[in-house]
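Below is one structure, written out as structure tokens; comments come after it.
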Amino acid sequence: MRIEEDIALRLQQGATPSQLLSEGFRKSTVYKVAEALRSQRAPAPPSLITVELRPDRARYQPGEVAQLTFVLHNNSGHDLYIFQVGIRPEWIGVSEWMPTTVRKLLGAGDAITLRFTVPIPGQLPLGEKELFTGVQGQWVGPQSASPSNDVMWTNALILAVQRPLAGPSVFIVHSVSDMSQISRLEAALDDNGFRAIIADSETGDQAMNQTDFLVAVLTHPTRLATALQEIRAGVDRGKHLVLLRDTSLGPLVPLADADLPWTDVDFSRHDNFVVVDVLSTLTGVVAQRMALQKKEQQDALGAILLGVGALVAGIAIGRGISGTGG
């Protein structure tokens, strides 16, 4: 099952977007799937105001300054007199925002372009950040309400606080029962500048050929046979392997694959040393490869350890997933 399919199924079963985000699914993916499901159920009336975000770069790092362009659309049949427009990044309080005075009449169906300079805190963790746009104004017309100080907020936009895509590419093979595990790994790699491709029925051999590393996360018998086939294909193509396997799956792996460089992990344990053991093993696996890289790539290769380590930490400590339960 693909990540988007898993998210759609969970939403249809009653899970909320905020619940899926807390489990580790990426914000942009959850919002995309949720919006698609809403449009399928019934045609909803358009929001009175909508905003497009046009950043000057695709990615920003902590400590940088983002130059952001917003296009504000008035989708209503009434004019809107705007007093202020502002933004609220997720790293400031919910009662705060960064407003600018506009004082402009925005006609029905019209749009206005606004620009904001947003400093990104230097200690902000990497990841997708929510950015809300607020409009304070007054609808003009015979049916309009009286003036109000309330701010109209748009849906969340996504600002990418991530390292540039400069590291090796990674093909992710998995056998899990919970796709949020793979989503966390993909996000950790992407945040640290790695292009990650997740193995599924649509990726194919050509996608694997475009990557440098093959990282496998096997926690559950689900999809195990397919994952082993993908690992064998990676071996045939000379991919550098990082293979994480739950200890309970050892007996299920054929003897023909027993000599592969497995790292056996008890994903059901909560102790911190599980993460330490995994990181130590991964360090040894990539040590030779790191020695062959240029200096500027060494830091990037080291980030693979952080990305995979963040996944294992989330599984072993935060979620306590058992070897037979994924």
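The values are calculated or read from the model by the stated rules, or taken from the named source; none is laboratory data. The shown structure was predicted, so the numbers you read here are calculated from the model rather than taken from an experiment. Glycine gets a Cβ as well: all are built from the backbone with ideal geometry, and neighbour counts include every protein chain shown.
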Subset of the range 9-52 [crowded, with 16+ Cβ neighbours inside 10 Å and either of a type in the set (D, E, K, R) or part of a strand (DSSP E or B) (or both)] = 10, 23, 26, 27, 49, 51
Of all strands (runs of 3 or more DSSP E) completely enclosed by the range 69-136, which ones contain at least 1 residues that are in contact with a Lys or Arg (Cβ under 7 Å, 6 or more places away or on another chain) and in contact (Cβ under 8 Å) with a residue 40 or more places away in the chain?
-> 79-89, 111-119
Is there any pair linking a residue in the range 192-203 that is farther than 13 Å from residue 164 by Cα and not assigned by TED's automatic domain parsing to the domain that holds residue 128 to one that is small (Gly, Ala, Ser) and part of a loop (DSSP other than H, G, I, E, B), with Cβ under 9 Å and at least six apart or on different chains, and which?
-> 196/169; 197/169
Taking the condition small (Gly, Ala, Ser), under 19 Å from residue 263 (Cα atoms) and either touching a residue at least 40 places away in the same chain (Cβ under 8 Å) or assigned to a helix (DSSP H, G or I) (or both), does residue 187 pass?
-> no
Is it true that some residue in the range 60-67 is within 24 Å of residue 187 (Cα to Cα), part of a strand (DSSP E or B), at pLDDT below 95 and not hydrophobic (A, V, I, L, M, F, W, C)?
-> no
Considering every residue within the range 170-177, establish whether at least one is closer than 30 Å to residue 132 by Cβ, assigned to a loop (DSSP other than H, G, I, E, B) and in contact (Cβ under 8 Å) with a residue 24 or more places away in the chain.
-> no
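Determine whether the range 204-226 contains at least one residue that is among the charged types (D, E, K, R), assigned by TED's automatic domain parsing to the domain that holds residue 256, more than 21 Å from residue 28 (Cβ to Cβ) and touching a strand residue (DSSP E or B) at 6+ places or on another chain (Cβ under 6 Å).
yes
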Considering 206, 181, which residue is without any contact (Cβ under 8 Å) to a residue 24 or more places away in the chain and assigned to a helix (DSSP H, G or I)?
-> 206
Apart from one, (1) at pLDDT below 90; (2) out of contact with any Leu (no Cβ under 6 Å at 6 or more places or on another chain); (3) of a type outside the set (Asp, Glu) all hold for residue 238; the odd one out is (1)
In this structure, is residue 47 within 23 Å of residue 129 (Cβ to Cβ) and either touching a strand residue (DSSP E or B) at 6+ places or on another chain (Cβ under 6 Å) or in contact (Cβ under 8 Å) with a residue 60 or more places away in the chain (or both)?
-> yes
In the range 7-44, anything more than 21 Å from residue 158 (Cα to Cα) and touching a residue at least 24 places away in the same chain (Cβ under 8 Å) is listed as 12
If you take the residues in the range 53-82 that are surrounded by fewer than 16 Cβ atoms within 10 Å (Cβ to Cβ) and of a type in the set (Lys, Arg), which one is nearest to residue 125 (Cα to Cα)?
-> 57
